[in-house]
Amino acid sequence: MSVFRTKSVEQSIGDTEDPEFKLKKRLTVLDLTVFGIGVVIGAGIFTLTGRAAQAYAGPGVVFSFIIAAICCALAALCYAEFASTVPVSGSAYTFSYATLGEMVAWIIGWDLILELMLGASVVAQGWSTYFVTFLDEIGITWPESLGPSPDASFGHFNLAALLLVLILTALVAYGIKESLRVNLVLVGVKLFVVLFVIVMGIQFINTDNYDPFIPPSTGPAAGAEGWIHAPLVQVLFGLEPQVYGILGIVSAASVVFFAYIGFDVVATTAEEANNPQRDLPRGIIFSLAICTVLYVAVALVITGMVNYKDIDAEAALATAFSDRGHDGYATLISAGAVAGLTTVVMTLMIGAIRVLFAMSRDGLLPSGYAHVNPKTGTPLKITLTIGAIVAVVASFTPIGKLEEMVNIGTLSAFALVSIAIPILRKRRPDLKRSFKVPLSPALPILSALICLYLMLNLSVETWLRFLVWMALGFVIYFTYGYRNSRVGRGQGVPAQDYSAP
């Protein structure tokens, strides 16, 4: 059979009723919106904003966030249509299985696993830095040998990151609703801190720091010399590597895109939503809109408080206030970062678990992993597996240097989901769609092109690593997934007709 065999929407929905693989429907639109905010607001505000402004775009980083938000908004519309039409765990993986075929679905699923597990590991390390900083500010010393280190190499043990991942793994294994209750509290804390930063930071803004708002372009960033560190688009077309200016803003958009990663994770919980056709589009779009406004506001405040050349790339917000004699503010910001990054790690792990669950249920990975524990209503084996991998990577490797890998995995998934929208419209015009992307196929195609362009602005080094990851994925698919696919073997649970009357 062809590697482009598809799994019908009816079969995908029917499989959700299989007792062995059935998840509990417990999530409301509020849960989904908070879920999205919980994963999006975190790394972008507390770590990436200052770094992107200082190294790439200056105050023009505001435009970088807007460009990344436009890209995400177009992709979000595509995700919203798919999530309301195919309310099944797996997000882009499941959507593409119904449209582009099994091998493309595998590619997207493999990309999503890369995005979510690597993202959780990167953010867990960022969390450990803020956690140790917070402890120092309240007078508690964390042993340097057991904590994060800017010069960490393979084998350096990060106990803080390990403990975080183990605790979150236990919580997620216990139940999705219980996880989101903790998420709700922590999201409330970090939203308070973010609004506090905006309101209190306004009084310290010096408008001279906005001049020039878009600094003139210069050569490559420090430490980024050499073709392998240059954006692929510059190498392909012989462009002069540079930061700041218009190209710097676009390069920064590719970097700060990491800040938006996660809204698509809302779609991975489709199977657990009470009313997915109505609530999933709202949860995806509401969370993205709220986060974009907050990102732009924080970017304006930090670049107004501190000249972009002097921004502390590692702890921009806390340093900006402590330099003005407000150490108490810095402590509060560190506490907000600890709460904020906790929710990011937890949500990314939940997303990875749900994608791996969908792939295992389809037989592309061992199906025994996808069995749902009757007491917790969660795929316990997969939860423990993902938790163990993230814990090891976060606590023993300098994975923070690979965060661009998260971006390229996400952008590739976004591009393929966008392309799949007009394909499913043409193949299955009969399907019920409670939400539709306007101006299709123009907007989905535009979304895919923007994603591709942002991918081209990532470094050659990132592309080479991505190709290695994809090669490994193809080996696994052709040696196991293709032969054991439930679709290929004609297995699955029959479902009612979901076509329009």
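Only one of Ala299, Ala313, Ala318 is closer than 22 Å to Ala57 by Cβ and not in a helix (DSSP H, G or I); which? Result of the check over Ala299, Ala313, Ala318: Ala313. Tallying residues that are modelled with pLDDT under 85 and assigned to a helix (DSSP H, G or I) within the range 94-107 yields 3. Just one of the listed residues (Ile423, Ile445, Ile386, Ile382) is within 30 Å of Gly368 (Cβ to Cβ) and out of contact with any Phe, Trp or Tyr (no Cβ under 6 Å at 6 or more places or on another chain), and it is Ile386.
Summed over the range 131-146, residues that are crowded, with 16+ Cβ neighbours inside 10 Å and more than 28 Å from the chain's Cα centre (by Cα) total 2.
Counting residues in the range 201-208 that are assigned to a loop (DSSP other than H, G, I, E, B) and charged (D, E, K, R) gives zero. In the condition set (1) outside any helix (DSSP H, G or I); (2) at pLDDT below 85; (3) surrounded by 16 or more Cβ atoms within 10 Å (Cβ to Cβ); (4) not charged (D, E, K, R), Pro215 is compliant with all but (2).
Do we have Ala289 as crowded, with 24+ Cβ neighbours inside 10 Å, out of contact with any Gly (no Cβ under 6 Å at 6 or more places or on another chain) and in a helix (DSSP H, G or I) here? The answer is no for Ala289. Contact annotation: residue pairs with Cβ atoms under 6 Å, 6 or more positions apart or on different chains, pairing a residue in the range 335-348 that is more than 17 Å from Leu171 (Cα to Cα) with a partner that is part of a helix (DSSP H, G or I) and among the charged types (D, E, K, R), are Gly336/Lys190. Counting the residues of the range 473-489 that are more than 17 Å from Tyr93 (Cα to Cα), within 27 Å of the chain's Cα centre (by Cα) and surrounded by 13 or more Cβ atoms within 10 Å (Cβ to Cβ) gives 0.
The values are calculated or read from the model by the stated rules, or taken from the named source; none is laboratory data. Since the structure is predicted, the reported quantities are computational estimates derived from the model, not experimental observations. All Cβ positions, glycine included, derive from the backbone under ideal geometry; neighbour counts span all protein chains shown.
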